[in-house]
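Some notes on the structure that comes next.
Just so it is clear, none of the values below were taken in a lab; they were calculated from the coordinates. Just so you know, these numbers come straight off a predicted model, no measurement behind them. Quick reminder, even Gly has a Cβ in these numbers, built from the backbone with ideal geometry, and neighbours come from all protein chains shown.
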Amino acid sequence: MQTNEIKLRTCPKCGRIYHGRPALSRADNETLICPDCGTREALESIGVGKDEQEQILETIHRCYGGSDGQ
Ligand SMILES: [Zn+2]
């Protein structure tokens, strides 16, 4: 039986350690990257600039960063 422990992975794109569900890189369709980089790639693909990408990510983090922080 496998336990349901949280798996940590290192994102090859930004080098950060993350947990949870990885995203599939659009660049080659096989590299697993962190959800943030997945979001960045998705935004980039629709023409969102770097600065705006970071702003959007910050907003996402704020929305999900509920119970633990503060
Ligand atoms: Zn990443």
Revision key, fill the gap. Quick count over the range 25-59, residues being closer than 14 Å to residue 12 by Cα, polar (S, T, N, Q) and touching a Lys or Arg at 6+ places or on another chain (Cβ under 9 Å), is 2
**Study point:** Residues (near the ligand (Cβ under 8 Å from one of its atoms) and of a type in the set (Gly, Ala, Ser)) located in the range 1-37
**Key:** 15
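Which of the following residues is at positive phi and of a type outside the set (D, E, K, R): 38, 47?
Numbers: 38 fails: at positive phi.
Testing whether each residue is at positive phi and of a type outside the set (D, E, K, R) leaves just 47.
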